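Read-outs: derived from the displayed coordinates by stated rules, not from any lab. Keep in mind it's a predicted model, so treat the numbers as computed, not measured. For neighbour counting, all protein chains shown are included, and Cβ atoms are generated from backbone atoms with ideal geometry for every residue, glycine included.
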Amino acid sequence: MKPTFRQFIEDMANPKAPGPSTTFTVSHIFFALELMAEKPIGRNMLSRKIDVGEGTIRTLISRFRNRGLIETSKSGCVLTNKGCLVWKKFEELFPKRAKIGKTELTNAEHNYAFLVRNSGHNVRSGIEQRDAAIIAGATDAIVVVHKQGQLTIEAVSQNLKQ
């Protein structure tokens, strides 16, 4: 049976024995894919941009290469056709992404907003989504849902405008 997109990405992030545990998360995987989708990028620049060590980058690149997602050359890492398909799937799931500055709702150095279409009906309290974001490497998360013309944070407010 073919793994789902989620299973495929989670497998990329899971520690492999023997050896040390991975020090990257699903978030690092997507950020690295995004950077490689833009243009070829070298290991050192990739390490600086996603804020992980050189050894972590070597492990990440090895996993990408073993799954046929990237090719490496002197100009850097670039997505293969398969890598581009994985990146396009991510863009379908999260069509809009934005880095946002500090606000009343944010407290981390790096804050991001993701638009997820047609999934608000899956949100009960938002805690499941928050927990998934934390497992993926976030320090915190807030889930805002658009329902019946209103922005809501389930279990907090049915109308954020108020």
Next item on the list: Scan the stretch 66-162 for GluC sites (Glu not before Pro) in coil per DSSP, keeping those whose Cβ has at most 16 other Cβ atoms within 10 Å, and list them by number.
Entry: 104, 109
Check: Mean 1/r over all different Cα pairs, inverted: what Kirkwood radius does the stretch 38-82 give, in Å?
Finding: 10.5
Item checked: Cα-based helix-to-principal-axis angle, 81-93 vs the chain, degrees rounded to 10 -> 10
Next item on the list: Please give the contour-minus-distance gain from residue 112 to residue 140: 0.36 nm per residue of separation, less the Cα-Cα distance, rounded to one decimal in nm.
Entry: 9.0 nm
Notebook entry, point to check: Taking the Cβ-Cβ separation of residue 127 and residue 45 as r and a Förster radius of 30 Å, what is the calculated FRET efficiency to the nearest 0.05?
Noted result: 0.25
Next item on the list: For the stretch 5-88, calculate the relative contact order in percent as a whole number, restricting contacts to Cα pairs under 8 Å that are 6 or more residues apart.
Entry: 27
Check: Rg and Dmax of the stretch 1-137 over Cα atoms: what are they, in angstrom?
Finding: 15.7, 48
Next item on the list: Kindly give the semi-axes, whole Å and largest first, of the ellipsoid equivalent to the stretch 95-152, taking each as the square root of 5 times a Cα gyration tensor eigenvalue.
Entry: 19, 14, 11
Check: Computed FRET efficiency, Cβ-Cβ of residue 34 and residue 6, R0 22 Å: what is it to the nearest 0.05?
Finding: 0.80
